[in-house]
Amino acid sequence: MADELDVMATFIVDRLKASGAITALVGSGVNARIYQDVAPQGATFPYIVFSSLAPNDVSAVGAVRIATRDQWLVKAVVQSQSFGGNLTTLADAINTQLHGDSGLSGVASGGNVIHSYRARPFRLSEINNGIAYRWKGAIFNMMAQVT
Amino acid sequence: MASSGIDIKFNHLAQIAAKLHNDAIAETAKAAHALEAQEKQKVIQDDAVDTGFMVNSIQAQQVDKFNWIVGNGAEYSPHVNYGTIHQPARNFVEYSVAIIGPQYIAAMNRLVEKSR
């Protein structure tokens, strides 16, 4: 049975894959380079990684769980020293696809995403073995229920 | 002609206001230290400890009466918190704020209720 995090993860992937701007850069269908938590070793750049940051249940009296709130980090990653170009294109498309939705009944298999909106933008630099990487995206507040 | 009124025998409003102010300062300090403890606990829970430098450097520092900063001294801490190209995020900041934040707001609400 899917839990609330599964519902939100499915929602994120489905929304991102529905964007032509995103699939043009990271591929489409089962080959889309959209990964949860960490990309496989040697994955082609650019790609998108998303992670659950702060899940918390919304509970009622007794053993009733109403929904789960979470913050999700959704970031595009490039091997580059620039935050512009494809990285900005992907970050903008991520925001377009995930920001400002509410009342999203039945958008994900096994549950509903009640709302999704951007909490704050995100960018970070990383240098690994002398190679520069840039990340850009946003942190989104979401709430989901299982059905 | 009938008339009515209220005689004020005691005026403790100044003391109540002062106590509320001081209690709010205490609750803010308590929340900052609780956030520090929660972040440390989450880092250890996620097994994100190597030398212990980052987890030991997580500290709550007071800026003024109602402003505290909970930070740490490890320059790599954003990469632990948000992940790297090889490692998943082991988030301890947002996770801890999501737990302690509502507790702080509830404590402040209780102070207001008590003063009524």
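The values are calculated or read from the model by the stated rules, or taken from the named source; none is laboratory data. This one's a predicted model, so the numbers in the text were calculated from it and none came from an experiment. Cβ sites come from the backbone with ideal geometry, for glycine too, and all protein chains shown count toward neighbours.
What number of residues within the stretch B:1-40 are over 30 Å from B:Arg116 (Cα atoms) and either of a type in the set (Asp, Glu) or loosely packed, with under 14 Cβ neighbours inside 10 Å (or both)? Outline the logic, then answer.
Restricting attention to the stretch B:1-40, the residues satisfying the condition of being over 30 Å from B:Arg116 (Cα atoms) are B:1-2, B:36-40.
Checking the rest, the ones that are also either of a type in the set (Asp, Glu) or loosely packed, with under 14 Cβ neighbours inside 10 Å (or both) come to B:1-2, B:36, B:39.
Residues meeting the conditions: 4.
Within the stretch A:56-69, track down each residue that is more than 9 Å from every other protein chain (Cβ to nearest Cβ) and either touching a residue at least 40 places away in the same chain (Cβ under 8 Å) or in contact with a helix residue (DSSP H, G or I) (Cβ under 9 Å, 6 or more places away or on another chain) (or both). Before you say what the answer is, go through the steps one by one.
First pass over the stretch A:56-69, keeping only residues more than 9 Å from every other protein chain (Cβ to nearest Cβ): A:57-68.
Correct list: A:Asp57, A:Val58, A:Arg65, A:Ile66, A:Ala67, A:Thr68.
Take the residues of the stretch A:1-22 that are modelled with pLDDT of 95 or more and over 15 Å from A:Val74 (Cα atoms): which is surrounded by the fewest Cβ atoms within 10 Å (Cβ to Cβ)?
So, considering only residues that are modelled with pLDDT of 95 or more and over 15 Å from A:Val74 (Cα atoms), the one surrounded by the fewest Cβ atoms within 10 Å (Cβ to Cβ) is A:Gly20.
Within the stretch B:91-98, is even one residue more than 19 Å from A:Lys136 (Cα to Cα), at the interface with chain A (Cβ under 9 Å from one of its Cβ atoms) and hydrophobic (A, V, I, L, M, F, W, C)?
Of the stretch B:91-98, the ones more than 19 Å from A:Lys136 (Cα to Cα) are B:92, B:95-98.
From the residues that got through so far, the ones that are at the interface with chain A (Cβ under 9 Å from one of its Cβ atoms) too are B:95-98.
From what is left, the residues that are hydrophobic (A, V, I, L, M, F, W, C) are B:97-98.
Yes, there is a match, as at least one residue in the stretch B:91-98 is more than 19 Å from A:Lys136 (Cα to Cα), at the interface with chain A (Cβ under 9 Å from one of its Cβ atoms) and hydrophobic (A, V, I, L, M, F, W, C).
Across the stretch A:28-44, what is the total count of residues that are at pLDDT 95 or above, in a loop (DSSP other than H, G, I, E, B) and more than 14 Å from chain B (Cβ to nearest Cβ)?
1
Considering only the stretch A:11-28, state which residues are out of contact with any Pro (no Cβ under 9 Å at 6 or more places or on another chain) and aliphatic (A, V, I, L, M).
So the first thing to find is which residues in the stretch A:11-28 are out of contact with any Pro (no Cβ under 9 Å at 6 or more places or on another chain), and the list is A:11-24, A:27-28.
Correct list: A:Ile12, A:Val13, A:Leu16, A:Ala18, A:Ala21, A:Ile22, A:Ala24.
Taking the stretch A:115-136 as the region of interest, how many residues are more than 9 Å from chain B (Cβ to nearest Cβ), touching a strand residue (DSSP E or B) at 6+ places or on another chain (Cβ under 8 Å) and free of Cβ contacts under 8 Å to residues at least 12 places away in the same chain?
The qualifying residues number 2.
Which of the residues spanning the stretch A:123-147 are hydrophobic (A, V, I, L, M, F, W, C) and either buried (at least 17 other Cβ atoms within 10 Å of the Cβ) or more than 18 Å from B:Val80 (Cα to Cα) (or both)? Give the derivation first.
Within the stretch A:123-147, the subset hydrophobic (A, V, I, L, M, F, W, C) is A:124, A:127, A:131-132, A:135, A:138-140, A:142-144, A:146.
Matches in the stretch A:123-147: A:Leu124, A:Ile131, A:Trp135, A:Ala138, A:Ile139, A:Phe140, A:Met142, A:Met143, A:Ala144, A:Val146.
Could you figure out which of (1) touching a residue at least 24 places away in the same chain (Cβ under 8 Å); (2) away from every other protein chain (no Cβ under 14 Å); (3) over 15 Å from the mean Cα position of the chain (by Cα) isn't true of B:Val80?
That leaves (2) as the condition not met.
Quick check: anything in the stretch A:45-55 away from chain B (no Cβ under 14 Å) and over 23 Å from B:Val97 (Cβ atoms)?
Of the residues in the stretch A:45-55, the ones away from chain B (no Cβ under 14 Å) are none.
No, because not a single residue in the stretch A:45-55 is away from chain B (no Cβ under 14 Å) and over 23 Å from B:Val97 (Cβ atoms).
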